[in-house]
Every structure is written in structure tokens, then in C-alpha cells.
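Below you'll find the structure, written out as C-alpha cells, and then a few comments.
The values are calculated or read from the model by the stated rules, or taken from the named source; none is laboratory data. This structure is a prediction, so every number in the text was calculated from the model and none was measured. So basically every Cβ, Gly included, is an ideal-geometry build from the backbone, and we count neighbours across all protein chains shown.
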Amino acid sequence: MNELLLLLPSLLAAPSAQDFNGDGYSDLAVGVFGENISGAAASGAVQVLYGGPSGLGSAGAQFLCQNSAGVRDMAEQNDSFGLALQHGDFDGDGFDDLAVGSPREAIAGLAEAGLVQVFYGGALGLTTTGQEYLTQKTPGAPGALQSMAKFGAALAAGDVDEDGCDELAIGIPGADWGGAGYVGSVWVLAGSAAGLQPLDSSKWSRATFGQAAQSGAGFGSTLVMADFDGNGHADLAIGAPGTDVGAGSSAGAVHVVYSSSIVGLTSVGASFWHQDVPGIDSAPTNIEKFGAALAAGDFDGNGRDDLAIGVPYDFIAGSASPGAVHVLYGLPAGLGVADDEYWHEDVPGVYDVAESQDQFGAALAAGNFDGDAYADLAIGVPGEGSGEFYDLHGAVHVFMGSVDGLSNFEKSYWTQDDTVQETSEVFDMFGQALAVGDFNDSGYDDLAIGAPGEYLGAYPGTAYAAMGVVHVFYAGIPSASSDYWHQNVAGIPDLSEHGDFFGWSLGR
């Protein structure tokens, strides 16, 4: 379970449209990595829900898998198509496109080498026409094709060169190099009017920053692109949650690469963040996984994006893995520790208390939920429970932005007991995935929350059916209305089945 919790997709700095058909309403891609396709268990699928005046709807919903007409490849056991999702306008045509990661895809007989497929948007939504098929065999990709590389385990998008076409960053956290295993690398492909350009790309690894290979570092496990120095060009934050820091094995770290109009992304001026950096609260401890989740938004409204860093296994007051979130604020020279924030459930004013295995910070999403000038931050706590050890009911905190940054003065705390459609149950994992979009074009961002372990009652006597649901809260926080989506909703292609994990990942 812990390995799965670390395979969280990355988040592009919010708000961002995710509008595949260009109608002005945000749409939502939902990953169903456990979907059984034609008997192939966990081959995976993606459900796409389109926005409208009333929010997300089932009209025109799309079901994409590797057996869908026109999709390259074929559904095979454990491909996990849809385990990572990222939107961006890679060809600059005004329609958002969708990158889909299948990090467990076997390529040329090599298990879990990984694959990314890109589907382009248009007036009718996503299409298979002109799709991209990217692996480590693609010319321009870093390194040789390897088993267990997990190409596509993390994705991010942003416009580095300000040409109107987003670039796509692909995490390859299992890549071996320097005689060490699971060290990791990242490949950034340029966008263009003709789509993504694999030969116009940059490659990143620990070696880029003069660091030796370290087994298990997982460089590229999480990614986010945002403008941390306010120069108008997207920068890249790279999570390496398995990095050893001081005496802390797998304490975790984050590399940040800045960009300019002249050279694009560059290692010059890059920063390296971990819990042993002076000014950052807490200290590195074994298996805390600093950088296991990332999100970016302008929480203090100064025109520069800030970086939220999840540490879901952080030790708090002697408890194992209650979790925490660090926030680094953007300055003219990039991210700094001057106003570093350290959030967890034992901070005064934060609802609940830090408990073992809560995993506060396992998922993060930034958006403007109240329509002011500041981004807000949603924090997933998928391990939150009723007091029993590791019962995984799940919860979500929302902290509001202000001129002074994030605040716990105006805040929200959600569990499934706060919704009209469901109640909190063991293994629901409410808050495992988060996504933001203005699905009804109200001017307020809406919040989608995945509960991929939800049991829908179709298998009496089966406690952990893991069919999955997604809750959507509209019109600000607290929400005036909400939706409840799963594969048994009328008009949604396919049906809810045991082990689907609908909502494990959400399009960012």
C-alpha cells in the first residue's frame, strides 16, 4: 500500500482550465488504474467527465483504455493505464490535451518499463487522432529502455518558453544509472504547434546537479511546473522522496530548476530542498518521504508561485507517519525559507490531532476556492481514521490563502461523513487524490476528491472491494453543492467492479 501511495500524480500550478473541448468549462479526467479490460486485470482506464453550467455531467463522458478504438497498444495485465494524469495545451490550439501515464506497462518484454500516451483535445473533446506514444525507446529519451523504470509515474506541464505551447515533464523514478538502482530521471519535451517534440527536450537527474547516484532516491517520483520567481516562465520542481539526507534514510528531497527566456530550464541557480536545510522546520528522519507530493500556487498573492511539499510519513511528537506539509514561498530569486510554513494536525488551530499512519500531505492541490486574490491549498489525509490503526477512512483539510500566506483561521475539514452521499468507512481513502477546476464556470474553483477504496455494496461480505468514487464540491469552500461520481452512475461508461480504484488519480 505504501508503494501505491507514493505513485501520486503531480499537480500543475492552479488554477488551470483542463478544458478538453474549449467550451469554457473545466473537465475532469479520472484514473481507474485497476480496471479489468477484456480479462486483463489492472490494465487500467480513464473516465473523462465534461463540465457545463451545472458542473460535471455524464453527457458525452469518455472511456479511454488501450483497447479503445484508435488507441495504440493493447490492454495487458498490470499496465495501470491512467495511474498518472496531466493536462496541458501541448500544441497551443486553445484546447487542453491529456497525458496518460502507464508506468507498469511492459515494453519489449521489460516489466514496468512504462509508457506515456498523449491525447489531443478539440471541439468534440479528446481524440485518438495524432496521439503521442512515448517510452524510453523514443528518440531523444534519457537512458536505455529498462525494466522497472516506471516511465510516466509522474507528469507535469507548463510553458517554459512562453510560446503558448506547454512543455511536458515525464518522471522516470525507477531509472538505473551510475551502477545504482531506482535512482531516477526526468525528461522534459517541448511543446509546439505540431505537438510535443521528443528531439527538442532536456534531461534531468542527480548527475545534472553534481550529485552521485543513490539507490532508491526515486528522482522524478513527483513533479510540478510553476513560476516560482515571477519571470513569466514555468520552472520545474522534482520530488525525490527516497533521497538519503544526513542520517535519514529515504528522508526525501526536492530539486527546483528555474527557467529563463534565453536558455529555458537551466541547472544554473537550481535549489535543493530537504529538512536539513537551515530555516526549514523539522529534521530528516528515516522514511519520511519529503517530496512525496507537490503542489504550487500563489498563496500570498505576490505574483510568484509558492511550493507546497508533502511529507506524508513525517514523525510528529513521536508518532509514526502522521505526516506534514512544508510551504516555501516564491521570491524574486526563486523559492526561499524566509516565510517557510510547517503544517500538521498538531499545529494549534488545525482540526484533529496527528496520529500514526494518517499520511497528512499524501495528496495536495492548489486552487482559488473563495474567489479572492490568493490561492488556497487542499491537503489529503487518506490514512485518517476513527482511532483504529491504519483504517484509511480519509479526510481533507483546506487552508485559505492571504496576503500573509496560508492561514488556519479560515479553514475547512472534510470527511465522507460530511457529504450527503456517503459515510466514512474502513479503506475508503478519501483524499487519496485531489484536483481543482471551475467545472461550472462560476468564477470559483471547485474541488474533486478521490476515495478510490470506496465500497459500493455490489459485493456483499467483501470489506475491501475498492471500487472507488469521486466527490466534487462546488462554488467555494464550504461548498454550496456537491456531486458524487462512480462507474454505476447512469450515463458513465462501464460499471463499478472490485479492484477498479476509480479516483486513485485525477487529472491535474
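Return the total of residues in region 304-314 being part of a loop (DSSP other than H, G, I, E, B) and surrounded by 24 or more Cβ atoms within 10 Å (Cβ to Cβ).
So the answer is 4.
Which one of the conditions (1) polar (S, T, N, Q); (2) buried (at least 18 other Cβ atoms within 10 Å of the Cβ); (3) modelled with pLDDT of 95 or more does Q77 fail to meet, given that it meets all the rest?
Evaluating Q77 over (1) polar (S, T, N, Q); (2) buried (at least 18 other Cβ atoms within 10 Å of the Cβ); (3) modelled with pLDDT of 95 or more leaves (2) as the failure.
Among all residue pairs at least 6 apart or on different chains, which show Cβ distances below 7 Å where the first residue, located in region 166-185, is under 16 Å from V257 (Cα atoms) and the second is at pLDDT 95 or above and basic (K, R)?
Taking only residues 6 or more apart or on different chains, the pairs are S185/K203.
Kindly list, by first and then second residue, each pair from a residue in region 110-126 that is free of Cβ contacts under 8 Å to residues at least 60 places away in the same chain to a residue that is surrounded by fewer than 22 Cβ atoms within 10 Å (Cβ to Cβ) and small (G, A, S), limited to pairs with Cβ atoms under 8 Å and residues at least 6 apart or on different chains.
The qualifying pairs are L110/S147; A111/S147; A113/A106; A113/S147.
Consider A237 carefully, then state whether it is small (G, A, S), at pLDDT 95 or above, buried (at least 24 other Cβ atoms within 10 Å of the Cβ) and part of a strand (DSSP E or B).
So A237 fits the description; yes.
When you look at L265, is it within 16 Å of G239 (Cα to Cα), of a type in the set (A, V, I, L, M) and under 23 Å from the mean Cα position of the chain (by Cα), yes or no?
no
Can D229 be described as more than 20 Å from A154 (Cα to Cα), at pLDDT 95 or above and not hydrophobic (A, V, I, L, M, F, W, C)?
Yes, satisfied.
Looking at this structure, is A324 closer than 19 Å to D404 by Cβ, in contact with a strand residue (DSSP E or B) (Cβ under 8 Å, 6 or more places away or on another chain) and buried (at least 24 other Cβ atoms within 10 Å of the Cβ)?
So A324 fails the test.
Please verify whether L8 is at pLDDT below 70, buried (at least 24 other Cβ atoms within 10 Å of the Cβ) and within 16 Å of G171 (Cβ to Cβ), treating the condition exactly as stated.
Against the criterion (at pLDDT below 70, buried (at least 24 other Cβ atoms within 10 Å of the Cβ) and within 16 Å of G171 (Cβ to Cβ)), L8 qualifies.
If the Cβ limit is 7 Å and pairs must be 6+ apart or interchain, which residue in region 136-150 that is within 16 Å of E105 (Cα to Cα) pairs with which residue that is among the acidic types (D, E)?
Q146/D176; S147/E112; M148/E112; K150/E112
Only one of G252, G264, G279 is over 18 Å from L307 (Cα atoms) and among the small types (G, A, S); which?
G264
Give the residue that is farthest from the chain's Cα centre (by Cα), with candidates limited to residues of region 102-124 that are in a loop (DSSP other than H, G, I, E, B) and either among the aliphatic types (A, V, I, L, M) or farther than 21 Å from A75 by Cβ (or both).
Among residues in region 102-124 that are in a loop (DSSP other than H, G, I, E, B) and either among the aliphatic types (A, V, I, L, M) or farther than 21 Å from A75 by Cβ (or both), the one farthest from the chain's Cα centre (by Cα) is A108.
Would you check if there is a residue in region 321-329 being over 19 Å from G291 (Cα atoms) and either touching a residue at least 24 places away in the same chain (Cβ under 8 Å) or not aromatic (F, W, Y) (or both)?
Checked against the condition, which is being over 19 Å from G291 (Cα atoms) and either touching a residue at least 24 places away in the same chain (Cβ under 8 Å) or not aromatic (F, W, Y) (or both), region 321-329 yields no hits at all.
Give the residues of region 428-443 that are farther than 16 Å from W485 by Cβ and buried (at least 20 other Cβ atoms within 10 Å of the Cβ), sorted by residue number.
Of everything in region 428-443, just one residue is farther than 16 Å from W485 by Cβ and buried (at least 20 other Cβ atoms within 10 Å of the Cβ), namely D438.
Restricting region 239-259 to residues that are touching a strand residue (DSSP E or B) at 6+ places or on another chain (Cβ under 7 Å) and of a type in the set (S, T, Y), which is farthest from P332 (Cα to Cα)?
Across region 239-259, the extreme among qualifying residues is T243.
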